[in-house]
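This report refers to the structure that appears directly beneath it.
The values are calculated or read from the model by the stated rules, or taken from the named source; none is laboratory data. All values reported here derive from a predicted model rather than from experimental measurement. Please note: Cβ atoms are built from the backbone with ideal geometry, for glycine as well, and neighbour counts cover all protein chains shown.
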Amino acid sequence: MAHESHSSPLFTQVDISPATQSSVAAICAADEQTRLLRDLVAAQDRQNELLEELVSQMSAAQRQRNTELGQWKQANPRLARSCRLAADALSKVQTQFLESLTSEVNENAEELLDGDFLLNEFVDRFGPRLAHLNGVIQVLAQLSSTPNPTNNS
């Protein structure tokens, strides 16, 4: 009887190097992610500091403008009241102007959509006047407004 031997080794070689490399790679990747997250947090902290500084600068400038405007109003109370009356009167003019502008748009909507010439004509006729009127009203309103106690910090 021939003894057929199946040679099966008692010890097999286990290759652990790829697993070791992949766990080292995973550790390196985790370290890289951690470093990147720390860099992001540091950059965000710096951005927050800059935003706080910007807000502080803008607030200081706004407080300075409010102080100067308050001083001007105290030095010119009659003119401040006149500015208020003028702003109120121009607001009524603006309302009438907007009514005529909107009726013009509503009556000629199709023509304005279809023709560049009519649209340009409309903008030329109403645009500058509306922009300038708004600007004048804003200036008069600022010069005549009563100081807001919440802004005088």
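If the condition is being surrounded by 13 or more Cβ atoms within 10 Å (Cβ to Cβ), at pLDDT below 90 and under 30 Å from Ala80 (Cα atoms), then the stretch 110-150 contributes Ser144, Ser145, Pro147. Sub-6 Å Cβ pairs linking a first residue in the stretch 125-153 that is among the β-branched types (Val, Ile, Thr) to a second residue that is surrounded by 13 or more Cβ atoms within 10 Å (Cβ to Cβ) and at pLDDT 90 or above, at least 6 apart or interchain, are Ile137/Ala87; Ile137/Leu90, ordered by first then second residue.
In the list Arg65, Arg46, which residue meets the criterion of being under 18 Å from Ala141 (Cβ atoms) and of a type in the set (D, E, K, R)?
Details: Arg46 fails: under 18 Å from Ala141 (Cβ atoms).
Just one listed residue meets the conditions, Arg65.
Restricting attention to the stretch 68-97 and to residues that are over 15 Å from Ser144 (Cβ atoms) and in contact (Cβ under 8 Å) with a residue 12 or more places away in the chain, the residue that is surrounded by the fewest Cβ atoms within 10 Å (Cβ to Cβ) turns out to be Val93.
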